[in-house]
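Note sheet for the following structure.
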Amino acid sequence: MGTRILEFRFGLVDLEGVIFNPGILYRREFGRFLERQYHISAKGALRFYQTNEALPLQAKFARLLAEGGHPPEEAARATVAFEAVVATSRPVVSEGARELLEFLAARGTHLSALSESESRIAEGKLEQAELQGLFRQVIGSERGPRGREQIAFCPQTVGLPVEAFAAQSFLLSGHPEDMVAARELGCYSIGMAHLYPEDAFKAHGAQEVYRHVVHLSLLLRPY
């Protein structure tokens, strides 16, 4: 499978769905949180998390806290508190993501980060991960929800009409619905199936799909 990613002048990159790996971060912090807050073994909690990965987060807390004798309503409070811990934790960079960004930036690709967080928060996480110098700009939630509104905002920042910008752009995202937004606006769409099945991206119109960002990064090594 080849890639057309090098044909484009502008790259729009979904920060949380591609560059950062929330799965590893959640697993890393889950056991620590339960041990610190509820004196539940971190190792045992991690084993439970890995065995029951498909369970929603609050259901995970409900099961473990019930075993520890805590009331049912404690699961909701624990979930909120845990999400706050994760939001302020050092992000985990997906394997191959740093190499991909460095390669594209070195070639002169104008990279924009699209984030579910406010720009200032996303910029802080990029700084923590030592990736801040690879993006020309960060488009956060204050500019609109991630997806169509953020994609449509990007042409304004470089002084191009939407159609002209889209024709020179690729979108790299970990969310299938973003493939639809990219197609509607005229951007080339690349799906990263970290969190959703590859077929979901294809069904939403992705023009390239990879199971993990490292697979795309490896394709570029001969260049």
- Could you tell me which of the residues 183, 221 is farther than 29 Å from residue 84 by Cα and touching a strand residue (DSSP E or B) at 6+ places or on another chain (Cβ under 8 Å)? 183
- Pairs under 8 Å by beta carbon, first residue under 19 Å from residue 128 (Cβ atoms) in segment 72-94, partner of a type in the set (S, T, N, Q) and assigned to a helix (DSSP H, G or I), six or more apart or different chains? 90/128; 91/128
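Of a type in the set (Gly, Ala, Ser) and touching a strand residue (DSSP E or B) at 6+ places or on another chain (Cβ under 6 Å): is that true of residue 112 in this structure? It would help to see each step written out before you state the result.
Numbers: of a type in the set (Gly, Ala, Ser): yes; touching a strand residue (DSSP E or B) at 6+ places or on another chain (Cβ under 6 Å): yes.
For residue 112, the condition - of a type in the set (Gly, Ala, Ser) and touching a strand residue (DSSP E or B) at 6+ places or on another chain (Cβ under 6 Å) - is met.
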- Across segment 109-127, what is the total count of residues that are acidic (Asp, Glu) and under 14 Å from residue 17 (Cα atoms)? 1
- Just wondering, is there one or more residues in segment 63-74 that are among the small types (Gly, Ala, Ser), surrounded by 15 or more Cβ atoms within 10 Å (Cβ to Cβ) and farther than 26 Å from residue 210 by Cβ? no
- Identify, from the list 132, 150, the residue that is buried (at least 22 other Cβ atoms within 10 Å of the Cβ), modelled with pLDDT under 95 and touching a helix residue (DSSP H, G or I) at 6+ places or on another chain (Cβ under 7 Å). 150
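When segment 25-45 is examined, which residues are found to be in a helix (DSSP H, G or I) and more than 25 Å from the chain's Cα centre (by Cα)? Give the steps one after another, and end with the answer.
Let us first name the residues in segment 25-45 that are in a helix (DSSP H, G or I), namely 25-38, 42-45.
Of everything in segment 25-45, those that are in a helix (DSSP H, G or I) and more than 25 Å from the chain's Cα centre (by Cα) turn out to be 35, 36, 37, 38, 42, 43, 44.
The values are calculated or read from the model by the stated rules, or taken from the named source; none is laboratory data. What you are looking at is a predicted structure, and each value in this text was computed from that prediction instead of being measured. Cβ sites come from the backbone with ideal geometry, for glycine too, and all protein chains shown count toward neighbours.
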